[in-house]
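Some notes on the structure that comes next.
Just so it is clear, none of the values below were taken in a lab; they were calculated from the coordinates. This is a predicted model, so every value here is computed, not measured. All Cβ positions, even for glycine, are placed from backbone atoms using ideal geometry, and neighbour counts span all protein chains on display.
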C-alpha cells in the first residue's frame, strides 16, 4: 500500500501487516503478542538477536501470522526487503545507556544510522505509519530534571554521564529524522517516549530497570536489598503491557507528526520500589543504604519528577492501566515460572 | 609525542605542530594565520574543500610552515596519517543547519561519524590536546531560549526546525564523545561553543551570519535592507579573530575536560544589526519589515538572550576584543577589497 496525502494516518490493527524492528525484545515481544491478539494480518519480528532473544518470542511460535526475520538495522537492503507491503512499522532497535557506555561507536551506529535506515525503508515502501520508540531520556538527567516532564521540556545534561547524554541525544536525533521525513516525504509517524519499561521478559540492560530485577535477585537469596543513598530518588516506570498498548494505540489512532510520553500511573521512589519488590517476593528484609558504584552509569535527577502522560490520552487515546504493585507481581510470577 | 597522565594539558603555540580539520574555512583560516603569527612550528590545514576553499588560505601560502592536505573526516586512515606527531588538533569540520536541512544523512555523517574519526585519530596518535568547535546550538532554539545562556543551560528544541535540532544534537554528541575519550583514553580536550561567527572570508552557509552579508549585498545595490518581523530578536555574534584567539587560548591554557562559551562583547537585535551594516556601508536606507520565508530554516528565541562567556575568561584566560561596529567595518573592507 502506498502513502498518499489523502490517506488516513490511522492503521487499524485488525487485518494490517506489521514489522517490529528489534522485535525479539521486552517491548517487542509484548507488542507482537498484543497485535496478534487484536487480529493483525501479519506480524514480522525483525531482530539481529544481539540483544533480543528467540526465548522472548517462543510463546508466539504457534501462530501462522508471526514471521521471524534475522536482520540488522545497519543493513538497509534487509529493511527495504522486510517492509515491502507493510502497513505499520514499530522501530524499537536501539542500544541503551549501559551498552552505549561500553561501545559508543556501535551505539551511535545502531541508534542514529539504524533509525536513518528504518525511515528510508519506510519511505521507499510507502509504509503507512511508523511508530518510533523514544524515551524520557530526551529530557535528560541530573539536577535540572524535576517536576512534571511534558513534551516541550528541554534536554538537561549538566553533570550526567557521557553515555546517558549520548543515548538521549541519539533519541532526539531519531525523533527529528521522523519530523524531517514527514515534512519532506510525507511519512506519517508517532513517537512514543517511554519511561523505564519493566515486566515479564525483563532484561538486565537498562540502568533503571535493574532496580527491580537486582533487588529481586538479592532478596530471593536472603540478602538485604540495596538502596543507593537515602532512596528518595524518583523513578517512573511503565509496565510492558501498557507500553505495548500504547504502540497499538499509536498505530490505530489518526495521530501523526507528534511525540507523546508513555509512563505508568505514577512515579515511585527507589526506597518504595525496593520495599515493594521485597514484600512481593515474600521476604522481610530491611533495605541497606549504600553509596553509588562510581564505575557504573547512574541516572540521577534533581528532585521528585513525573513523566506526564496526559498528552497521550488526548492524542492517541491511551492511558496506563497497570499499577506497580500489580506489574511487579506479574514480573515476579514470570521469574518464578521460568526459574524452575 | 605520546600522551601520559603526567603530561600537562597545555600546548604552547610556539614551536608546536597543529592540524586544523576543516581548516580552509572562515574560522580555520583565521586560526591558521594566528597560530603561524604566534610561532607555531607547523600548521596543517586539512579540508575536503566541499565547503572550505583554497581562496580562504591563499594569503598564507608563502609560509613554509603551512601545509595543505586534502582529506575527509569520513576517512579515518587520512586522519590517522595527518595527525601523526601532531601536538594539537582543532576540529572544525561540520555542516550547519542549512546544509543539514538539505541533506540530514550527509550532515549526521560529517558531524557524528566525522567527530568519532577525529577523536579516534587523536587517541591513536597520542595528540596532546583536541580543541573541538561546538556551538551555542547546544542550548537550542525557540521559546525556551532567553536570558544568560551559561554552560549548564539545557537544550531547548520545542518548535524549532528539525535541521536546527539535528545540528545542535550532533554537537552535543561530539562534546560527549570528547568527554568519553577523556575518561576512558586520557584525551585532553577543550570544547569551544562559539556563538555565530562573522568576519573576513564570511560564507553564506550559516542561517544567522546571513543577517550581515545579505544586508550588505542589498544595500550596496541601493535596495532597502530587510528585517524579519519587528527586528527585536536577539542575535549574538563573535568576530572570527576573537574565535581564533579562543582556539589558541584553549590550546595554550592548562584547561582540559571542559566546555566554554565563546561570544562577542555583547548581543545585538536584528534591527540594530541591519542599521549598523547599512550605516557602515555608507547608505541611508530605512529597513523594510518582512515576514519570514516559510521555506527557509530560521533560528528563533524566546526573548533577549546572551551567550555568557565569563567561564572562558576563568578557564582559558580569553575574552572577546572586537565590538560589532569594528568587526563589521573589517568585514565590509574585506568585501570591498575582494569585489573589485
Within segment A:47-79, the count of residues that are part of a helix (DSSP H, G or I) and either surrounded by fewer than 16 Cβ atoms within 10 Å (Cβ to Cβ) or without any contact (Cβ under 8 Å) to a residue 40 or more places away in the chain (or both) comes to 8
Residue A:82: out of contact with any helix residue (DSSP H, G or I) (no Cβ under 6 Å at 6 or more places or on another chain), farther than 30 Å from residue B:185 by Cβ and within 13 Å of chain B (Cβ to nearest Cβ), yes or no? no
Per the list (1) more than 29 Å from residue A:56 (Cα to Cα); (2) within 14 Å of chain B (Cβ to nearest Cβ), residue check on residue A:186 breaks on (2)
Just to be sure I understand, how many residues within segment B:175-204 are farther than 20 Å from residue B:309 by Cβ and touching a residue at least 12 places away in the same chain (Cβ under 8 Å)? 12
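Residues in segment B:305-337 that are more than 15 Å from residue B:240 (Cβ to Cβ) and not in a strand (DSSP E or B): how many? Steps first, please.
Keep residues of segment B:305-337 that are more than 15 Å from residue B:240 (Cβ to Cβ), which gives B:305-317, B:319, B:325, B:336-337.
Keeping just the survivors that are not in a strand (DSSP E or B) gives B:308-317, B:319, B:325, B:336-337.
Count: 14.
Any idea which of B:207, B:164 is out of contact with any strand residue (DSSP E or B) (no Cβ under 7 Å at 6 or more places or on another chain), touching a residue at least 24 places away in the same chain (Cβ under 8 Å) and more than 10 Å from chain A (Cβ to nearest Cβ)? If you could, list the steps in order and put the result at the bottom.
Values: B:164 fails: more than 10 Å from chain A (Cβ to nearest Cβ).
When all the criteria are applied, what remains is B:207.
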Residue B:335 vs (1) in contact with a helix residue (DSSP H, G or I) (Cβ under 8 Å, 6 or more places away or on another chain); (2) more than 30 Å from residue B:8 (Cβ to Cβ); (3) free of Cβ contacts under 8 Å to residues at least 40 places away in the same chain: all pass except (3)
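Taking into account only those residues within segment B:36-46 that are on the phi < 0 side of the Ramachandran plot and in a loop (DSSP other than H, G, I, E, B), which is surrounded by the most Cβ atoms within 10 Å (Cβ to Cβ)?
Residues of segment B:36-46 on the phi < 0 side of the Ramachandran plot: B:36-38, B:40-46.
Filter once more, keeping what is in a loop (DSSP other than H, G, I, E, B): B:38, B:40-41.
On the way: B:38: 15, B:40: 25, B:41: 14.
Going through the qualifying residues, I end up with B:40.
Of everything in segment A:30-44, what is touching a helix residue (DSSP H, G or I) at 6+ places or on another chain (Cβ under 8 Å) and farther than 14 Å from residue A:87 by Cα? Give them in sequence order. Show your work before the answer.
Start the filter on segment A:30-44 by keeping residues that are touching a helix residue (DSSP H, G or I) at 6+ places or on another chain (Cβ under 8 Å), which leaves A:30-36, A:38, A:43-44.
A:30, A:31, A:32, A:33, A:34, A:36, A:38 - these are the residues of segment A:30-44 that are touching a helix residue (DSSP H, G or I) at 6+ places or on another chain (Cβ under 8 Å) and farther than 14 Å from residue A:87 by Cα.
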Residue A:136, sole failed condition from (1) within 23 Å of residue A:297 (Cβ to Cβ); (2) within 12 Å of chain B (Cβ to nearest Cβ): (2)
Of A:144, A:107, the only residue that is in contact (Cβ under 8 Å) with a residue 40 or more places away in the chain and facing chain B (nearest Cβ under 10 Å) is A:144
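Can you tell me which residue is farthest from residue B:268 (Cα to Cα) among those in segment B:193-205 that are touching a helix residue (DSSP H, G or I) at 6+ places or on another chain (Cβ under 7 Å) and not in a loop (DSSP other than H, G, I, E, B)?
If we filter segment B:193-205 for residues that are touching a helix residue (DSSP H, G or I) at 6+ places or on another chain (Cβ under 7 Å), which is where we start, we get B:193-195, B:197-205.
Of the ones still in play, those that are also not in a loop (DSSP other than H, G, I, E, B) are B:193-194, B:197-198.
Details: B:193: 18, B:194: 16, B:197: 13, B:198: 13 Å.
Looking at the filtered set, the residue picked out is B:193.
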For the structure I just gave you, tell me whether residue B:250 is closer than 20 Å to residue B:315 by Cα and more than 14 Å from every other protein chain (Cβ to nearest Cβ). yes
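Residues that are surrounded by fewer than 22 Cβ atoms within 10 Å (Cβ to Cβ) and under 21 Å from the mean Cα position of the chain (by Cα): which helices (runs of 4 or more DSSP H) entirely in segment A:85-192 hold 2 or more of them? It would help to see each step written out before you state the result.
On the way: elements: A:97-102, A:104-108, A:114-125, A:162-185.
Ranges flagged: A:97-102.
Condition test on residue A:130, is it closer than 23 Å to residue A:37 by Cα and away from chain B (no Cβ under 11 Å)?
On the way: closer than 23 Å to residue A:37 by Cα: yes; away from chain B (no Cβ under 11 Å): yes.
So residue A:130 fits the description; yes.
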